[in-house]
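The values are calculated or read from the model by the stated rules, or taken from the named source; none is laboratory data. Just so it is clear, the model here is predicted, and its values are computed rather than measured. Glycine also receives a Cβ, built like all others from the backbone with ideal geometry; neighbour counts cover every protein chain displayed.
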Amino acid sequence: MGIIDKMRGELVDIIEWVDDSRSTLAWRFPRYNNEIKNGAQLIVREGQQAVFVYRGQLADTFGPGHYELTSENLPIMSTIQGWKHGFNSPFRSEVYFINRRPVTDLRWGTPNPITLRDPDFGMVQVRANGLCVIRIADPAIFLREVIGADSQVNADEIAELLRRVISTAFSDMILETGVGAIDLQGKQVELSDKLREYVQTRVDDEYGLAIESVTMNISLPDEITAAMTRGVARGVEERGFLNNVGDMNRFQQGRAGDAMLAAAQNPGGGTAGDMMGMGVGMAMAGQFANQFNQQQQQAPAGPPPIPAAQTFHVDQNGAAAGPFTIDQLRGVLTPTTLVWSQGMAGWTQAGQVPALAPLFAPTGPPPLPPQTPQAPPTGQ
């Protein structure tokens, strides 16, 4: 035996892990030949857990505290290794320190946009990113599924794995909940809690991890964000009109009629962003109208509402617009414009619809009848 080997055999082990970072999740104590002597001192700090591994299997665990390793303190190890001499000779075992503190700086994001179906905009692609706080909840599963034979495991090594899990869970959650694009950003806190539950079910028994929290920031396409901004501005006007008039449906139809008049005066048509802005404004107007109707239902009963006038949908550059009242269509339609109303079999030219006939009738009094010549008066 050399001098170095003799010195190693005489020294008493002090097994501890001093690490002030939160990025290391597991660390193996580097003991010579994995031999631990009788009376070795084990120091486990707060936020740590010591795990003894013998021949690849978890044998004993120790929580925070100071321990002297003897056969009395390691009953499971003593049984497994069959020590008959009470630690008179070193025993071979690997000691891992597990970091039980939360890892708070794990960032995630969707590598590709998620396509969802929106009731107002059709198919919309959204992205999401945020922070995830994780913690090792089950050291045995983490040791078996993540650590393996590695001497050290850092948070970066499992970050990519968790990003894939969170991205897949986010996609599944959005598709299953069916939330539209307009409601996504308003429900981010609620959806973040639901996303944490989706992720937790995929990493607890699989990797021994616990998801403490998930924050989420949802990004919509630029054209939808711009359209929503215009829709909010229209919503402010709608609330003001509601306070003064109290009829959101009339205001919605009036705004749609104004848009149709502008389109008629501009045969070239508006841009896609303008049409989308109009759609957002009408969608938000509908939401305000629903809220107003709910308030009206809770109010004391009054006279029954006046029957609504007949409304028509109009062909506007190949797209259906409306519904509009007959008064809103005055001066806008031509006899060849295609229209449709409830009860009609199909789209029909406006000039052939009896209810719209007054819109094309000539204005002013009818012409005078032709004068018949009179015989000259006879003399007296």
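Just a few scattered comments:
- Candidate set from segment 173-198 (those that are among the charged types (D, E, K, R) and either within 10 Å of the chain's Cα centre (by Cα) or on the phi > 0 side of the Ramachandran plot (or both)); member that is modelled with the highest pLDDT: K194
- The listed residues are I158, I141, and the only one of them that is assigned by TED's automatic domain parsing to the domain that holds L184 and at pLDDT below 90 turns out to be I158.
- Residue satisfying condition, being in a helix (DSSP H, G or I) and more than 30 Å from P30 (Cα to Cα), within set L191, L143, L161: L191
- The set of residues from segment 147-156 being in a helix (DSSP H, G or I) and either more than 18 Å from A210 (Cβ to Cβ) or over 29 Å from the mean Cα position of the chain (by Cα) (or both) comprises I147, D156.
- Residue, modelled with the highest pLDDT, within segment 324-342, restricted to residues that are outside any loop (DSSP other than H, G, I, E, B) and within 11 Å of A309 (Cα to Cα): T325
- Residues that are surrounded by fewer than 16 Cβ atoms within 10 Å (Cβ to Cβ) and closer than 15 Å to R100 by Cβ, drawn from segment 139-163: A140
Residues checked against (1) at positive phi; (2) in contact with a Ser or Thr (Cβ under 6 Å, 6 or more places away or on another chain):
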site	(1), (2)
A309	no, yes
V314	no, no
N317	yes, no
P323	no, yes
D327	no, no
G331	yes, no
A357	no, no
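- Scope segment 43-63; condition outside any loop (DSSP other than H, G, I, E, B) and touching a residue at least 40 places away in the same chain (Cβ under 8 Å); matching residues: V44, Q48, Q49, A50, V51, F52, V53, Y54, L58, T61
- Neighbours by Cβ (under 9 Å, 6+ apart or cross-chain): first from segment 107-132, assigned by TED's automatic domain parsing to the domain that holds E176 and under 12 Å from V214 (Cβ atoms); second aromatic (F, W, Y) and surrounded by 12 or more Cβ atoms within 10 Å (Cβ to Cβ): W108/F170; A128/W108; A128/F170; N129/W108; G130/W108; L131/W108; C132/W108
- Check on A210, modelled with pLDDT of 85 or more and within 30 Å of F29 (Cα to Cα): yes
- Only one entry of D172, D205, D183 meets the criterion of being part of a helix (DSSP H, G or I), in contact (Cβ under 8 Å) with a residue 24 or more places away in the chain and under 22 Å from N129 (Cβ atoms), and that entry is D172.
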